[in-house]
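**Student:** Below you'll find the structure I mean.
The values are calculated or read from the model by the stated rules, or taken from the named source; none is laboratory data. The model shown is predicted, which means the values in this text are computed figures rather than measured ones. Cβ: placed from backbone, ideal geometry, glycine included. Neighbour counts: every protein chain shown.
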Amino acid sequence: MTETRIEASSPQAGGLKRTFGMREAVTITAGSVIGVGLFTTGSNVVGTLGPAVILATLLALAVSIYPALLYAEMGAALPYAGGTYQFASLGLGRAAGMLAGWNFIISLVAVTGGEALAFSYYFRTLFLAFGYDLPISDVVLASIVTAGFIVANVFGVKLTGKLQNGFMFFFWGVAFIWFLTMIPNVHLPSFVRAPEFLHATTPLGFFSATCMIWWCFAGFEACVAMGEEIKYPHINVPRAMFLAPFVVFAVNALFQWYLVGITPPDQIASLADAEAPFAQAMKAAGILGFPLALLAAGIAFGGDFSTLNASISTPPRYLFTMARDGSMPKVFAITSKKYQTPYVAVIVLGVLSVALIATNSLEYIASLSLFADLFYYVLGIIAALALRKKHPELKRSYKAPWIKVGAPVSAVIYVLMMTQLDANAFITGVLWCVLGIAIYLVCRWKYGKAGEFTLDLAASGADDVPPPEEKRAMDREYLIWKVIVSASCVIAVVLYIFPFFVK
């Protein structure tokens, strides 16, 4: 494989091509989110809250919307690979940027590990639906599928984008069919009569459950990490950020509604500890054979594959950018001349994902990812405010409203959410930060400021303007997305209210 080393500071020096449009920006973002959280730990919350899960999901959406607006502003004005790393570096200083990027990396590496394990659970269920138990462990199966996606991501962004679109539309197609087939199995009184265990839920318990639901939203800004590969970023990045949290909400709320509805009332509490909650619910309800296989196939090859693809492709762009700037070892800035991908970073982070898979603990992986998510979001939110002051010259095609209030409030909320994390994962997160700082200090000593990123607005692509015909096509596509996503969100909420009007 022919390679080239990155020494220059231009944001386009790495040879990354602007290949993705708004559709890919949305599917990569949604694909980074819709998967392991929804179908494992996020669904476990149904076993804790029952039908009240919709309240936690709405709250998780509420605390995601404003940060998404901040990322819409920053991603459009600074469309570089690295996302939060670049924003925090320019707004708060290189050390803060390094910590933001470093935590983003471990967050999605953990998501990769968790997603691969989730895939193995539902892939196994696909065979169990027809009475066959696969003679292979979850860890081995998860490691094999991760290796496959590592190879796919080495071979280029075009392949990655096509795969992502395919996985997401396959998932939505299967989900639609499954929704229709499950309607006769939904028990509407389950939404009206709250389970007995719900009365024992404390406000702190509800807040903790909301934090786990929020993990299903973490990653709503994933496409900004690939800013150098998105066409017309000043248009497509904000649009993707406006849509992404609501896409995630609609999918989560709809699947949670069905999970509550099909689970026998006396079995709902058991979902709190289930490895594959949807599969367990269907088995408890006696829904086996083709419906169970359909669900397992949709989750495994749609939801899980879309997240694996996105979570393996996105973190290397951070590591690549950090290495290009001299904040990480330069070896991670090596790209393939033929495929124009940061293949060294892809492979190394893939190996780290396999190491997390070996723990075979979704709870630990989820908590570690949640710590990293909250940490880098806090830095990103504060960076948005700092960038307004330090770089007023940036051309902002979109500006988030009320930033002096919205940014501090959002940061405080996310800090409070960090208090609900598993102690072992919290300690691992702190140690990861210490390791990152140590590597950063060594690299700064070795490289100094040589090759450090410099703000180059002319080369950023922020001013690229589509031809009129292409712009009209982009506007039509965005309108279609808005209508579909809005309708889906309304339908999801109405479904939870509807049972109260049925006698």
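**Student:** Given the structure, is A300 within 22 Å of G114 (Cα to Cα) and out of contact with any Leu (no Cβ under 7 Å at 6 or more places or on another chain)?
**Tutor:** No.
**Student:** If R324 meets every condition in (1) over 17 Å from the mean Cα position of the chain (by Cα); (2) surrounded by fewer than 23 Cβ atoms within 10 Å (Cβ to Cβ) apart from one, which number is that one?
**Tutor:** (2)
**Student:** Does the stretch 42-63 hold any residues that are of a type in the set (S, T, Y) and surrounded by 24 or more Cβ atoms within 10 Å (Cβ to Cβ), and which are they?
**Tutor:** Correct list: S43, T57.
**Student:** Filter the stretch 360-374 down to residues that are surrounded by 19 or more Cβ atoms within 10 Å (Cβ to Cβ) and either free of Cβ contacts under 8 Å to residues at least 60 places away in the same chain or within 21 Å of G101 (Cα to Cα) (or both), then give me how many there are.
**Tutor:** Residues flagged as surrounded by 19 or more Cβ atoms within 10 Å (Cβ to Cβ) and either free of Cβ contacts under 8 Å to residues at least 60 places away in the same chain or within 21 Å of G101 (Cα to Cα) (or both) within the stretch 360-374 amount to 10.
**Student:** Can I ask one more? Filter the stretch 385-417 down to residues that are aliphatic (A, V, I, L, M) and closer than 30 Å to P329 by Cα and give me whichever is surrounded by the most Cβ atoms within 10 Å (Cβ to Cβ).
**Tutor:** Here the answer is L387.
**Student:** Can you tell me which residues in the stretch 375-390 are closer than 15 Å to G101 by Cβ and either in contact with a strand residue (DSSP E or B) (Cβ under 6 Å, 6 or more places away or on another chain) or free of Cβ contacts under 8 Å to residues at least 60 places away in the same chain (or both)?
**Tutor:** V378
**Student:** A further question on this structure: Do we find that G380 is in contact with a helix residue (DSSP H, G or I) (Cβ under 8 Å, 6 or more places away or on another chain), at pLDDT 85 or above, within 25 Å of L141 (Cβ to Cβ) and not hydrophobic (A, V, I, L, M, F, W, C) in this structure?
**Tutor:** No: the conditions fail for G380.
**Student:** Something else now. Let me spell it out: the conditions are (1) closer than 30 Å to M418 by Cα; (2) modelled with pLDDT under 85; (3) of a type in the set (V, I, T), and V154 meets all of them except one. Which number is the exception?
**Tutor:** Every condition holds for V154 apart from (1).
**Student:** Of all residues in the stretch 87-118, which are of a type outside the set (S, T, Y) and closer than 14 Å to G326 by Cβ?
**Tutor:** R94, A95, G97, M98, G101
**Student:** Ok, one more. Restricting to the stretch 294-340, count the residues that are under 18 Å from Y85 (Cβ atoms), among the hydroxyl-bearing types (S, T, Y) and out of contact with any Lys or Arg (no Cβ under 8 Å at 6 or more places or on another chain).
**Tutor:** Counting residues in the stretch 294-340 that are under 18 Å from Y85 (Cβ atoms), among the hydroxyl-bearing types (S, T, Y) and out of contact with any Lys or Arg (no Cβ under 8 Å at 6 or more places or on another chain) gives 6.
**Student:** Out of the stretch 431-458, which residues are β-branched (V, I, T) and at pLDDT 90 or above?
**Tutor:** Result: V434, I437, I439, V442.
**Student:** Looking only at the stretch 357-405, how many residues end up being part of a helix (DSSP H, G or I) and either of a type in the set (V, I, T) or closer than 19 Å to F217 by Cα (or both)?
**Tutor:** Of the residues in that region, 24 qualify.
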